[in-house]
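Okay, so here's the structure we're looking at.
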Amino acid sequence: MKFNFKRKYLTIPYIIFLALFIIIPILLILYYAFSDASGALSWNSMIKFFTSPTKLNAIVISFFIAIQTTLLCLLIGYPLAYFLADKKINKNAVMIMLFIMPMWINFVLRTWATREVLTWFSLGGADKPYTATLIGMVYNYLPFAILPLYTTMIKLDHSQMEAASDLGASPIQVFIKNVIPQSLPGIISAITMTLVPVMSSYVISSTLSEGKITLIGDSIYLNFSNNQWNDGSFMAVLLLILVFFSMLLTKDEKNAAESRGGGLW
């Protein structure tokens, strides 16, 4: 019997992986989110969430920390990526490696090391939990903002920038009306890679704030660790919805930015 190999067979391992580790876990989360301890259909988890000030507060704090972290990562990462993308710099690959190296260290170890450093400067969780959490978020997610910005900026069309300068545009006008539009896809990718993970993070906030700052990721972890599967699953579903719409919006904006491209001023 002759076996005819087809290219579509290469997708079988991916389909099996997708079913075992993505589809089935999501279905289980949906089952627990809208059922009670007996397994019957129930809306108790949803009602408990929207009537709990503690859980609603976790959503609000998570959102504000995610927004602040994203803005700080953009403010720090954008000029760094622009500097690193300068082709006149011969050792830019080495400098990029310096920013990527912390990502090779275990995430938990980095967080505990950050906690010790902040304690030396009296910024530990016992004194300033919100500040410590924000600093830890920026430190851990800054490389995820720099990389997409860098990969976009090394492709900037410098001929457009030179043409704009020749037409009388000032350096500020060239930057605002040419560099930023060309780098907009990288900006949107950086937002996606920082905003969404920060909202679901729990190790950084629980470690650096010493449990005084509770994000939605912390709430989900606490519910699961206390065998409150239904409540934790509903919060996980809510977080999945937020992540889905965030990625959907940023994807549409990125596609629009890529189709527009950078133009002369």
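Just so it is clear, none of the values below were taken in a lab; they were calculated from the coordinates. Keep in mind that this is a model prediction, so the values were computed, not measured. For neighbour counting, all protein chains shown are included, and Cβ atoms are generated from backbone atoms with ideal geometry for every residue, glycine included.
Loop-located chymotrypsin sites (Phe, Trp or Tyr not before Pro) in segment 82-156 (DSSP state other than H, G, I, E, B) with a sparse environment of at most 15 neighbouring Cβ atoms within 10 Å: Phe121. Among the trypsin sites (Lys or Arg not before Pro) within segment 24-122, those in coil by DSSP and having at most 15 neighbouring Cβ atoms inside 10 Å are Lys87, Lys88, Lys91.
For segment 3-33, trypsin sites (Lys or Arg not before Pro) meeting the loop criterion (DSSP other than H, G, I, E, B) and having at most 10 other Cβ atoms within 10 Å: Lys6. Number of Lys-Lys pairs in the chain with C-alpha atoms under 27 Å apart and a separation of 8 or more places or on different chains: 15. Of the peptides 236-248, 195-207, 66-78, the ranking by mean beta-carbon count within 10 Å, highest at the top, reads 195-207, 66-78, 236-248.
Mean separation of Cα pairs under 8 Å and 6 or more residues apart, divided by the residue count, gives the chain a relative contact order of 27 percent. Counting 0.36 nm for each residue step from Ile23 to Lys6 and taking away their Cα separation leaves a gain of 3.6 nm.
The mean sequence separation of alpha-carbon pairs under 8 Å and at least six residues apart, normalised by the residue count of segment 85-213, gives a relative contact order of 37 percent. Among the listed options (1) 22.7, 75; (2) 20.1, 64; (3) 17.2, 55, the one matching Rg and Dmax of the Cα atoms in Å as calculated from these coordinates is (1). The modelled label-to-label distance between Asp157 and Ile15, using points 7 Å beyond Cα along the C-beta direction, is 4.2 nm.
Ranked for footprinting exposure by Cβ neighbours inside 10 Å, fewest first, Glu162, Glu116 give Glu116, Glu162. Counting every other Cβ atom within 10 Å of each residue's Cβ, Met97, Met103 order from fewest to most as Met97, Met103. Potential lengthening of the chain between Leu75 and Leu30 amounts to 12.4 nm, from the contour at 0.36 nm per residue minus the alpha-carbon distance.
If you rank Ile65, Ile22 by fewest surrounding Cβ atoms within 10 Å, what's the result?
Lowest count first: Ile22, Ile65.
Cα gyration tensor of segment 1-151, axes a ≥ b ≥ c as square roots of the eigenvalues: rounded (a/c below 1.5), prolate (a/b > b/c) or oblate? Oblate. Spacing of the modelled spin labels on Phe50 and Phe107, each 7 Å from Cα toward Cβ, amounts to 3.1 nm.
Spin-label pair Ser225-Met95: with each label point 7 Å from Cα along the Cα-Cβ axis, the two points sit 4.1 nm from one another.
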